[in-house]
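Please read the structure below before turning to the comments.
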Amino acid sequence: MRQITVEVLSGKPVSEHEVEIVERKGVGHPDTICDAIMDRVSIELSKEYQRQFGAILHHNIDKAFLVAGNAEIRLGGGRVTDPMRLIFGDRATASLNGKSIPIHEIAVATAKGWIHEHLRFVDPDEHVVYDVQIKPGSPELVDIFSREVPGANDTSAAVGYAPLTETERLVLATENYMNAPAFKAIFPEAGEDIKVMGFRRGRELNLTAAVAFVDRYVDSEEMYFRRKEQMHEAVEEFIRGEVKTIGKIVLALNTLDDRGRGLGGMYLSVTGTSAESGDSGQIGRGNKVNGVIALNRPMGTEAAAGKNPVSHVGKIYTVMTHQVASRIYQEVRGIREVYVWMLSQIGAPIDQPKVAAAQIILEKRARQSVATRKVREILERELANINTLTRQLVEGAFPVC
């Protein structure tokens, strides 16, 4: 029987919707790899610009594609037969006043460093080919950085919200738990490519998790399914300890598995990421800056990862709207849920958006006039202090995936 739900919404917060869907892509997912590496490249470029010129120059490393390779999977340990290819884009200032910046070298070294740090079984020299296609920027966008007050380098919109629902929180926590060092110590066969999809209907939450098992730790089909069952029990126990209001949790793990079909019936990998042979990755298709993909929420289309942290509002406003929403929720009594929207106009100062708006859902006894005034004050305060945020973005203080 088909599972069909029809619901009438009447200003209820998302936590009270009958149906809610949330996704989280782990650190080893091909899309997350693209986001994380390109943002790290932006951070390292920003450091080099500051070292050489005392200021951050124009760059946007927000286009990337990770082309899946090929691998020969074997029980007890296979091998990569065709490396992945990481293609870097898009634009960056390579020289100024006779000084040059080694864009290619910085991009490749940064990618290798990130892979070495986060993907245990991917050899950054042997398993990945690097294709740097970063070109100089257009004159009018480069010129923004030479003005006394840099303006927005795009007309972009962003939206953030607070608080996380319990579904969002549990999906995020589940992936973080499975990719934590303590979990890997118990289950070293659990690769970094983990995806968790949460579906809540009423007070029942269904979680579907996919985790790439590393084949060198699996010597038989029997062992695979035994370890999978043990992993299922451990994750389920963790989730039960995290639940606050949801009544029932149903967890499913690697649901494509089919006992008795050999290698075709098990989710095995050589390196712990499907990018080795099964799935390519692209920047902007992964988690939003608060760590989840929440289908019940409004979402912008900007890829925050890799955009420059000084003038690109696609990054600045995307992070800022979530931060401001969180502060409004924490500081203003009587708010159940808040959404913050910002729209830039290219060339205008980043602290003066075309519009900054908040939408709030109040508790029944909350005073609307007081809440509205305080929300306005917080928006004014945070926009006035936007340079603090941009400095923190330069330092990589906030994850974008």
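Using only Cα atoms, locate the centre of the stretch 365-401 and the centre of the stretch 226-279, then give the distance between them in Å, rounded to an integer.
38 Å
Test of understanding: express the Cα radius of gyration of the chain as a ratio to 2.2 N^0.38 Å, with N the residue count.
Here the Cα radius of gyration is 1.06 times the empirical estimate.
For the stretch 284-401, just the Cα atoms, rotate onto the principal axes and tell me the three extents in Å, largest first.
In descending order, the Cα extents are 44, 31, 24 Å.
Run lengths n ≥ 4 of DSSP H only: what is the helix-derived mean residue ellipticity at 222 nm for the chain, with -39500 (n - 2.57) per run over all residues, to the nearest 500?
The helix contribution divided over the chain gives -10500 deg cm²/dmol.
Quote the FRET efficiency, to the nearest 0.05, computed for D279 versus V370 with a Förster distance R0 of 41 Å and r equal to the Cβ-Cβ distance.
Once rounded, the FRET efficiency stands at 0.25.
Provide the packing ranking of 37-48, 376-387, i.e. peptides ordered by the mean count of other C-beta atoms within 10 Å per residue, highest first.
Final packing ranking: 37-48, 376-387.
Please give the per residue volume of the convex hull enclosing the alpha carbon atoms of the stretch 175-239, rounded to a whole number of Å³.
Per-residue hull volume (Cα only) is 86 Å³.
If I stretch the segment between I4 and A55 completely, what's the gain in nm (0.36 nm per residue apart, minus their alpha carbon distance), one decimal?
Here the answer is 12.8 nm.
So, by mean Cβ neighbours within 10 angstrom, what's the order for 182-188, 202-208 with the highest one leading?
202-208, 182-188
Contour minus end-to-end for E229 and N296, with contour as 0.36 nm per residue of separation and end-to-end as the Cα-Cα distance?
Contour length minus the Cα-Cα distance gives 21.0 nm.
Taking a 18 Å limit on the Cα-Cα distance, which of the listed pairs K25/K47; K12/K364; K99/K135 fall beyond it?
K25/K47
Taking a ≥ b ≥ c as the square roots of the Cα gyration tensor eigenvalues, with a/c under 1.5 meaning rounded and otherwise prolate when a/b beats b/c, else oblate, which class fits the stretch 30-146?
Prolate.
What order do you get for 22-29, 289-296 when each peptide is scored by the mean count of other beta carbon atoms within 10 Å, highest first?
22-29, 289-296
Averaging sequence separations of C-alpha pairs under 8 Å and six or more residues apart, then dividing by the length of the chain, give the relative contact order as a whole percent.
It comes to 26 percent, rounded to a whole number.
For the stretch 34-76, which chymotrypsin sites (Phe, Trp or Tyr not before Pro) are both in a DSSP coil and crowded by at most 15 other Cβ atoms within 10 Å?
none
Could you identify which residue out of L170, L268, L251 has the top mean-square fluctuation in a GNM of the chain using Cα springs shorter than 10 Å?
Checking each option, the largest mean-square fluctuation is seen for L251.
None of the figures in this text is laboratory data; all of them are computed from the coordinates on show. Just so it is clear, the model here is predicted, and its values are computed rather than measured. All Cβ positions, glycine included, derive from the backbone under ideal geometry; neighbour counts span all protein chains shown.
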